[in-house]
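Beneath this line is the structure, given in structure tokens, with notes to follow.
The values are calculated or read from the model by the stated rules, or taken from the named source; none is laboratory data. As the structure is a prediction and not an experimental result, all values here were calculated from the model. Glycine also receives a Cβ, built like all others from the backbone with ideal geometry; neighbour counts cover every protein chain displayed.
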Amino acid sequence: MSAAVSAERSGLFQALARVREVGLFAVLAALALATAAINPRFLGAQGVKDILEDVAVTALLCVGETIVLLMRQVDLSISSILGLTAYATGALFIAHPAMPVPLVMAIGAVGGAVLGALNGGLVAWGGVPSLVATLGTLYVFRGADFAWVKGAQINATSLPGHFLGLATAGVGPVPFLALIVVGLIALSGYALRHYPAGREYFALGSNEEAARLAGIDVRRRLLLGFICCGAIAGFAGVLFTARFGTVDATAGTGLELHVIAACVVGGVAITGGVGSVEGAAIGALLLATISNALVSLRVPAFWEQTIEGAMLLAAISLDLVIARHTLALMRSGRRHG
Amino acid sequence: MTDGTPILATVGVSKSFGGAVALRDVSLALHGGEAHALLGENGAGKSTLVRILAGVIEPDSGHILLNGRPQIFRNPAEARDAGVAVIYQEPTLFPDLSIAENVLIGRQPRRRWGRIDHRRSTAMVAALFAGLGVALDPARPVRGLSIAGQQLVEIAKALSYEARVLIMDEPTAALTGEETARLFAVVRRLLGQGVAILFITHRLEEAFAECQRLTVLRDGAPVDSGPIAGYTPSQVVRLMVGRALETLYPPRRSERGAPALVVRGLSAAGVYAGIDFDLHRGEIVALAGLVGAGRSEVLRGIFGIDQREGGTVHAFGREIPPGDPRAAMRMGLALVPEDRRQQGLVLDLSIIRNATLAVLRKLCRGPFSSPAKERAITAEWASRLKLKFRRLSDAVATLSGGNQQKVVLSKWLATGPRILLIDEPTRGIDVGAKAELHHLIAGLARQDLAVLMVSSELPEVLGMADRILVMREGRIVGEMGGALASEESVMALATGQEGALGPACDPA
């Protein structure tokens, strides 16, 4: 009897572990519908647009952070990279108002990649733990931002209208901004699953020693991971400017922790090797939906952080329960055959 | 059959780490269709040789011949591409990836635009498993597989790139008899296909049953090599240790004192049950049995690290409360854990810091620690245990395995225990340091310390213990006097082959 029960429960737990994204989506849907039942405008065109605008930049940052987290590393400097490229975007448009938007995007991504390469070099060749290395560059990049920008501010009025249109215009309630981000998420998710290079990120985070023995060039992979993360953060800086229009030296401050929280809520293991960019993006969407739901339910705004923290703890607890259960299964499996 | 060019050979390979010589002028030839046993005590250099053959490290001098041509493996991928597969003692797999990905990592079949063909990978691995007679789902993740299952994945990996040389580093250490038999069936099939096999094991009977040739390493140098038929097991043991085994162990004491530890009906669900025994002052009792029989768990249950669910433990007549290691320590117990790197030491801290960790409170003057006292007590134990060190302020990580174990011991002996629980006291320690530790533990017992020891090394169990309790699947299945027991009788009880019991056994 106990065998049957445990088989059934293991099925449930394994299913939970497998379809984390589906479970998250169910929570998201329930939350959205419940809020809409109280305040119908929440799921109206403007409500949806608000949420998507809010979440786009965070969700994009989650893609890069997920790649780094998969390798069992962390990148805290993404918010500072974003801050630099966000201001650079504004400065470029002020200097050359006719500059094509794709070119600005490419400059943002390349700039971010260079900064990411610095992180990757410190971790892969310097042997500095990524937590410390990127905490250092978090301050260095932000400091450079302040030194460059000083007290200046860029306003939406000095930016070209078609650039700001990325955030304001779109298909139905979905802004172009969100479409770009969704496209990038789908693309990178697919690449991580279906290309050997993508699988190496998982392998590296799952067992670094085994990765080395399997002939994976661990340093190169680490470097490329941080470069990807930096490039995405740099690109996100361009979108940030399009979304907010107003940029100063503090742009994006504190976003990094919000992004890591979203990744973890979305099922990316802080211990590496497990997770998906889609899950992380849904995590970001869930957190953004919660914060907008609180607004439309007229809950005081200071509850938002508490709830975000609670979601994080709930997600980690769920992971622990699943991990323990898997371990118990493994043990009993060994004992009984 | 072994004529002609070896598939893989080393010629005069030497390797040093820092000042320590790990390998000295080792020449070894692996021929197709032949299983070659590489034997030697821990620390003899076997693993270093394996790592050189696998391309993980490069030799300082000497070279590797592949099909008679000099070859340098700069990294594991090059060795793998040359057809050298290694199955390490600890499987090196990716727990979060699927079995199929683990087997084929780096070499997955591709679809258009370079994408991985997951469906074909799964089918390929399923076919490999079918050939091996293994019922594993290639699509499931590796996490949760037993060690045996993981080793099968490693073997499938070796097969998948048609390895011509298979190196196995103690593959059977964690396997049951049945799993071992299945592994050897696969190995014999590979031999039939002309694969060369290098087989490292501590179980001599396996080497004699499965291999055609042997090489014995001692202190990094080959001491003898030849067709296995020309040797007897006792000869090989002498070659391995360089002296007769009997002289390694200290003499036993015959009388025993009053009961120190009385364990009655100890149980923990699914781990062990109905554990009854007494431990007397001045006595060394060994818990023997296979890995996974629940021996370490019993120690942890007694000491209170794990909650026990039933039964009582008394030390010198007073009950030890369950789940309270600090109470156990106050009552004179000490536990030297199995894995000194993980549980016994803080590797980056100094010898002093480690040695005084368990007695820090006693050494304090008010709220402050007393460096002078800490140094004095560490120096005292270091000299009593003959610890080899440069400075007491050096990090423990710089010491050899044997000396690390001495630091763990001194840490617990400093608490002045009257009952010492010790788990695998000499795992991964070289022969000389082993003998020293054995004499040390026996000396402590002579000073009336009661010792309960878990060990997987039968010679150690037989050589050290006054009494042997054999555990199987969470129960004590027999008790023997140390002098009357033999490796065979202990193994028979541990594996459940009671039919083979001799008169020395007393099944409980």
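Key figures
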| item | result |
| --- | --- |
| Positions within segment B:464-497 being out of contact with any strand residue (DSSP E or B) (no Cβ under 8 Å at 6 or more places or on another chain) and part of a helix (DSSP H, G or I), in sequence order | B:Glu487, B:Glu488, B:Met491, B:Ala492 |
| Single match in A:Val182, A:Val218, A:Val268, A:Val171 (criterion: crowded, with 22+ Cβ neighbours inside 10 Å and among the β-branched types (Val, Ile, Thr)) | A:Val268 |
| Checking B:Met329 against (1) in contact (Cβ under 8 Å) with a residue 60 or more places away in the chain; (2) outside any helix (DSSP H, G or I); (3) closer than 22 Å to B:Arg281 by Cβ, the condition it does not meet | (2) |
| Filter result (buried (at least 20 other Cβ atoms within 10 Å of the Cβ) and within 18 Å of B:Leu279 (Cβ to Cβ)) within segment B:393-423 | B:Trp412, B:Leu413, B:Pro417, B:Ile419, B:Leu420, B:Leu421, B:Ile422, B:Asp423 |
| Filter result (closer than 26 Å to B:Pro227 by Cβ and part of a helix (DSSP H, G or I)) within segment B:40-74 | B:Lys46, B:Ser47, B:Thr48, B:Leu49, B:Val50, B:Ile52, B:Leu53 |
| Among (1) more than 9 Å from every other protein chain (Cβ to nearest Cβ); (2) of a type in the set (Gly, Ala, Ser); (3) crowded, with 16+ Cβ neighbours inside 10 Å, the one test that B:Ala54 misses | (1) |
| Scope segment B:463-491; condition surrounded by fewer than 24 Cβ atoms within 10 Å (Cβ to Cβ), closer than 25 Å to B:Met240 by Cα and free of Cβ contacts under 8 Å to residues at least 60 places away in the same chain; matching residues | B:Ser486, B:Glu487, B:Glu488, B:Ser489, B:Met491 |
| Count - residues of segment A:59-98 that are closer than 15 Å to A:Phe235 by Cβ and without any contact (Cβ under 8 Å) to a residue 24 or more places away in the chain | 1 |
| Selection from segment A:202-219 of residues that are more than 9 Å from every other protein chain (Cβ to nearest Cβ) and not hydrophobic (A, V, I, L, M, F, W, C) | A:Glu208, A:Arg219 |
| Residue among B:Ala29, B:Ala79, B:Ala37, B:Ala85 that is in a strand (DSSP E or B), at pLDDT 85 or above, buried (at least 16 other Cβ atoms within 10 Å of the Cβ) and within 14 Å of chain A (Cβ to nearest Cβ) | B:Ala85 |
| Verdict on B:Arg120 being surrounded by fewer than 20 Cβ atoms within 10 Å (Cβ to Cβ), closer than 26 Å to A:Gly275 by Cα, in contact (Cβ under 8 Å) with a residue 40 or more places away in the chain and within 14 Å of chain A (Cβ to nearest Cβ) | no |
| Odd one out for B:His280 among (1) modelled with pLDDT of 90 or more; (2) closer than 16 Å to B:Glu479 by Cβ; (3) within 28 Å of the chain's Cα centre (by Cα) | (3) |
| Subset of segment B:88-117 that is more than 10 Å from chain A (Cβ to nearest Cβ) and part of a loop (DSSP other than H, G, I, E, B) - its residue that is nearest to B:Ser146 (Cα to Cα) | B:Gln89 |
| Any hit, segment B:266-284, residues being surrounded by 16 or more Cβ atoms within 10 Å (Cβ to Cβ), without any contact (Cβ under 8 Å) to a residue 24 or more places away in the chain and either more than 14 Å from every other protein chain (Cβ to nearest Cβ) or not polar (S, T, N, Q) (or both) | yes |
| Residue in segment B:62-74 that is within 14 Å of another protein chain (Cβ to nearest Cβ) and either hydrophobic (A, V, I, L, M, F, W, C) or out of contact with any helix residue (DSSP H, G or I) (no Cβ under 8 Å at 6 or more places or on another chain) (or both) present | yes |
| Of all residues making up segment A:213-256, the number that are β-branched (Val, Ile, Thr), assigned to a loop (DSSP other than H, G, I, E, B) and closer than 23 Å to A:Pro129 by Cα | 2 |
| Residue check, A:Glu256 away from chain B (no Cβ under 14 Å) and not hydroxyl-bearing (Ser, Thr, Tyr) | yes |
| Residue list for segment B:123-151, restricted to those being small (Gly, Ala, Ser), within 14 Å of chain A (Cβ to nearest Cβ) and part of a helix (DSSP H, G or I) | B:Ala148, B:Gly149 |
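Quick grid of which residues meet (1) of a type outside the set (Phe, Trp, Tyr); (2) part of a helix (DSSP H, G or I); (3) within 14 Å of another protein chain (Cβ to nearest Cβ):
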| position | (1), (2), (3) |
| --- | --- |
| A:Val104 | yes, yes, no |
| A:Val114 | yes, yes, no |
| A:Thr137 | yes, yes, no |
| A:Arg142 | yes, yes, no |
| A:Trp148 | no, yes, no |
| A:Gly165 | yes, yes, no |
| A:Leu177 | yes, yes, no |
| A:Leu184 | yes, yes, no |
| A:Glu200 | yes, yes, yes |
